[in-house]
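The values are calculated or read from the model by the stated rules, or taken from the named source; none is laboratory data. Since the model is a prediction, treat every value here as computed from it, not as a measurement. Ideal geometry is used to build each Cβ from the backbone, glycine not excepted, and the neighbour counts take in all protein chains shown. These area figures cover heavy atoms from the full protein model, side chains too; ligands, DNA and RNA do not enter into them. Shrake-Rupley method; radii C 1.70, N 1.55, O 1.52, S 1.80 Å.
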Amino acid sequence: MMLNRRNFAVSAAAMAIALAYGPAGAAGKYDPGASDTEIKIGNTNPYSGPASAYGTIGKAIAAYWKMVNDNGGINGRKINFISLDDSYSPPKTVEQTRKLVEQERVLLDFQPLGTPTNTAIHKYMNAKKVPQLFVATGAGKWGQPKKYPWTMGWQPAYPGEAKIYASYLLNNKPDAKVAILYQNDDYGKDYLNGFIAGLGAKAKTMIVAKESYETSDPTVDPQVIKLKASGADVFFNITTPKFAAQAIRKVYDLGWQPLHFLNNVSTSVGGVLKPAGLEKSVGLITTAYLKEATDPQWANDADMKAWNAWMDKYLPGGDKSSSFNVYGYAVSATMHEVLKRAGDNLTRANIMKQAASLKGLKVPLLLPGITVDTSPTDFYPIECARLAKFDGHKWQLVGDVLCPKK
Amino acid sequence: MEFFLQQLFSGLAFGGVYACMALAVVMIYQATDHLNFAQGEMAMFSTYIAYTLISHGVPYWWTFLLAMAISFVGGVMIERIIVRPVEGTSVLNEVIVFIGLLTIFNSLAGWIWEYTIKPFPSPFPKDPLFGNTFVGTHDLGVIGVTLVVLFGVFLFFRYTPIGLAMRAAAQDPASARLVGIRVGWMLALGWGLAAAIGAVAGILVAPIVFLEPNMMGSILLYGFAGALLGGITNPAGAVFGGFAVGVLETLIGAYVSFIGSELKLTVALVLIIAVLVFRPSGLFGRVVVKRV
């Protein structure tokens, strides 16, 4: 008897839920990975291997979806987030992504991390017509809606960031002599070419020296010595963390005091500036588009409070000073919004359509004034940023929001 | 002039590190007739041991000696436990064991200490000596320590009975065995010494390049180039080769514009090939004639 009553209660509750969501279940349009009760989202992240520090992002995203599910999911559907380890190795990414698409049959691949890894699955995802959404890399190539309509980035792209530095120079220091150190690969050249394009006709006269390095070089000290000898008064540092730390230290040790732009890739205080020496990092300039959790000016910010509560509940023991946790939350919130807008039409085509029609979308934890904007011809969601200067302890925001010239 | 001196000393400092690696390579080559591909990763691992000791408050120079001692024991153990069973079976077996060791040490270090870069302290003062602007004190220290280590190795082989026994075991194992030298243990000692010298290289270079599991990869490559240039059978020649490669690489990168920074590593590789083609035994190596 007791049992029956409980059964009744349960089914009554189910009825109530079904009524509340109306005829949604019946009329839903679905591609593989979506149903009345569930949305399957795939992801690859480096949980092991040399880039495993980035794995924090994957864990933060999983924690975000857990919160969403605890709050009832999206339009009544739970998120089933399947994140696999690819060790930042492109062949492994291909293997894991095929597993996600062909065995797990996910609706979409969200935030796969890394430039070489995403490059390896770029063609595959577009041939299979599975969304490769909001990828965790800043390369310029993720914004080609004509050629790759199923792939989209999220964070400001490298060429756009370089253009922001270029326009800053043109406006504030038009007679600058610029020396550039860049990694000799796609990533380095993305920045370099963006910077040259940003300077336009003045690039030839303003850039006085360029040096490249290979990731196999033990040190970039000789390159920095050469760049200093060029007499430049601006240094654009396009390097990954280890080499960034070497270059920052060498610039200081040589007594060279240029206006020092550091690419967003290597701005981690703990991972780059501390090893290089905090006192040697004073005055570095970079771009920022996310709120820093450690910045006291956001202490009473509603989004930041929500983020803190989420960290405490879903990532206890997680590092609150790591920008990866802010990043994972903000990018997931963007995906959340896209899925909400897709409603009951959970086809892959509709997901891409929604992702490509975000107008002035305010995403939690983006700096005030920075929004997510996309269109069928604009696959670069975040393009604007603010400059930030390192004061010896943390990055201080300076100036207004800057957007690269199209 | 200042630019030239900056580049020269930067090259010499790295040359010192390459020289240590070249010497470690030669030690094992003499004992086993093979290049130890895991030499770099062993040195990296020793550096992490030093890092751990320092972060537990052990004073720097004690750490330096302790890390060398631990590496020595570790090197001997690797030879006894892992290399010995495959010794003399086939070249391929030994090479595969070396490559296996390389991967194991690399992953192990990443697993224990993570892949993020770590600053490593230098025992030398931060300010340049006499206020000069062309050479950091650490760079000078690297050159100095390298020379001291090399001199120590020279004295050891030239004037101690064990050094003599090791030379005998390497040059003519059969005769050495007949006069009562325990050849197997001499080989193990060679591994121990190589590991200890590698530790010195790792500890010296870590403050310049930052400590991380892939730190020694390219440095070992330059070490190979140095060893081959100077002569893989001649420790002193290998040391000279190490310094020469360091200086050449830096100066060519700085002054030969069509090579620049992009082709520096290529220069080292071309050097290896050129030496192997024109003087297979290196500049100072002895020509080995084998009866077949």
Max mean-square fluctuation residue, GNM over chain B, Cα-Cα springs under 10 Å, options B:Val256, B:Val76, B:Val148:
B:Val256
Among B:Glu94, B:Glu114, B:Glu262, residue whose mean-square fluctuation peaks in a GNM of chain B (springs only between Cα atoms under 10 Å)
B:Glu262
Long-range amide H contacts for A:Thr287: which residues qualify at under 5 Å (H placed 1.01 Å from N, peptide plane, sequence gap of 5 or more or a different chain)?
A:Asn264, A:Ala388
Only Cα pairs within less than 10 Å get springs; with that Gaussian network setup on chain A, which residue of A:Gln111, A:Gln183, A:Gln297 has the largest fluctuation?
A:Gln297
Partnerless cysteines, meaning none of the other Cys C-beta atoms lie under 4.7 Å away, in the protein assembly as shown:
B:Cys20
Placing unit charges on C-beta atoms (Lys and Arg positive, Asp and Glu negative, everything else neutral), compute the dipole magnitude of the range A:273-406 about its Cα centre in debye, rounded to 20.
240 debye
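Are any of the pairs A:Lys173/A:Lys210; A:Lys163/A:Lys226; A:Lys359/A:Lys405; A:Lys29/A:Lys340 more than 22 Å apart by Cα-Cα distance, and if so, which?
Numbers: A:Lys173/A:Lys210 19 Å; A:Lys163/A:Lys226 25 Å; A:Lys359/A:Lys405 19 Å; A:Lys29/A:Lys340 14 Å.
Table pairs above 22 Å Cα-Cα are A:Lys163/A:Lys226.
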Please work out the C-alpha center-to-center distance from the range A:231-283 to the range B:1-38 and express it in whole Å.
28 Å
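Which entries of A:Lys147/A:Lys353; A:Lys40/A:Lys129; A:Lys291/A:Lys389; A:Lys40/A:Lys141 have Cα-Cα distances beyond 19 Å here? Present the calculation step by step, with values, prior to reporting the outcome.
Working: A:Lys147/A:Lys353 16 Å; A:Lys40/A:Lys129 16 Å; A:Lys291/A:Lys389 14 Å; A:Lys40/A:Lys141 26 Å.
Check vs 19 Å cut-off fails for A:Lys40/A:Lys141.
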For the range B:160-171, Karplus-derived ³J(HN,Hα) couplings (6.51, -1.76, 1.60; θ = phi - 60°; whole Hz; x for glycine and proline) come out as 9, x, 5, x, 4, 4, 5, 4, 4, 4, 6, 7
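Which value, in Å³ per residue, describes the convex hull spanned by the Cα atoms of the range A:180-273? Numbers along the way, then the final one.
Values: hull volume 8.4 nm³, N = 94.
Residue-normalised Cα hull volume stands at 90 Å³.
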With axes computed from alpha carbons, what is the tilt in degrees of helix A:302-314 against the longest principal axis of chain A, rounded to the nearest 10 within 0 to 90?
70 degrees
Whose amide H sits under 5 Å from the amide H of A:Phe235, counting only residues 5 or more places off or on another chain, with H placed in the peptide plane?
A:Ala179, A:Leu259, A:His260, A:Phe261
When the Karplus curve 6.51 cos²θ - 1.76 cosθ + 1.60 is applied with θ = phi - 60°, which whole-Hz ³J(HN,Hα) does each residue of the range A:256-271 get, with x for Gly and Pro?
7, 10, x, 6, 10, 8, 10, 5, 4, 4, 10, 9, 4, 5, x, x
Considering only B:Gly242, B:Pro173, A:Val269, whose Cα is most displaced toward the positive end of the charge dipole of the protein assembly as shown, charges sitting on Cβ of Lys, Arg (+1) and Asp, Glu (-1)?
A:Val269
Once amide H atoms are placed 1.01 Å from N in the peptide plane, what residues at a sequence separation of 5 or more from A:Lys29, or on another chain, have their amide H within under 5 Å of its amide H?
A:Asn345, A:Leu346
Using only Cα atoms and rounding to the nearest 10 degrees, what angle (0 to 90) does helix B:60-77 make with the longest principal axis of chain B?
30 degrees
Expressed in angstrom and ordered largest first, the alpha-carbon extents of the range A:253-313 along the principal axes are 47, 20, 19
Take the alpha carbon atoms of chain A, find their radius of gyration, then divide it by 2.2 N^0.38 Å using N residues; give the quotient.
1.06
Residue-wise, which Karplus ³J(HN,Hα) couplings in Hz belong to the range B:145-157, taking 6.51 cos²θ - 1.76 cosθ + 1.60, θ = phi - 60°, and x for glycine or proline?
4, 4, 4, 4, 4, 5, 5, x, 4, 4, 4, 4, 6
For the protein assembly as shown, give the magnitude of the charge dipole about the Cα centre (Cβ charges: +1 Lys/Arg, -1 Asp/Glu; no others), in debye to the nearest 20.
1020 debye
Taking a straight Cα-to-Cα line shorter than 17 Å from B:Lys126, and setting aside same-chain lysines fewer than 8 residues away, one finds A:Lys250, A:Lys274, A:Lys280
Eligible aspartates and glutamates near A:Lys99 by straight Cα distance, threshold 20 Å, same-chain separation 8 or greater:
A:Asp31, A:Glu38, A:Asp85, A:Asp86, A:Asp109
Here the longest stretch of chain B that holds no trypsin sites (Lys or Arg not before Pro) in a DSSP loop having at most 16 other beta carbon atoms within 10 Å is B:1-125
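With the full set of protein chains in place, find how many percent of the accessible area of the protein assembly as shown is carbon and sulfur; take the probe as 1.4 Å. If you can, show how the numbers build up before the last one.
Values: 18790 of 30120 Å².
Result for the protein assembly as shown: 62 percent of the exposed heavy-atom area is carbon or sulfur.
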Column: log10 I(q)/I(0), Debye, Cα scatterers of chain B, q = 0.12 Å⁻¹
-0.76
At a probe radius of 1.4 Å, what is the per-residue accessible area of A:Ser89, in Å² to the nearest 10?
40 Å²
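Between chains B and A, what is the buried accessible area summed over both chains (1.4 Å probe, protein heavy atoms, nearest 100 Å²)?
Values: alone 14350 and 18040 Å², together 30120 Å².
Buried: approximately 2300 Å² between A and B.
What Kirkwood hydrodynamic radius, in Å, does the protein assembly as shown give when the mean of 1/r is taken over all pairs of distinct Cα atoms and then inverted? Numbers along the way, then the final one.
Details: mean 1/r = 0.0357 Å⁻¹.
For the protein assembly as shown, the Kirkwood estimate is 28.0 Å.
Before I look further, what does the range A:213-276 give for accessible area per residue, probe 1.4 Å, in whole square angstrom? Don't skip to the end; give the middle numbers.
Values: 1750 Å² over 64 residues.
Using a 1.4 Å probe on heavy atoms only, each residue of the range A:213-276 averages 27 Å².
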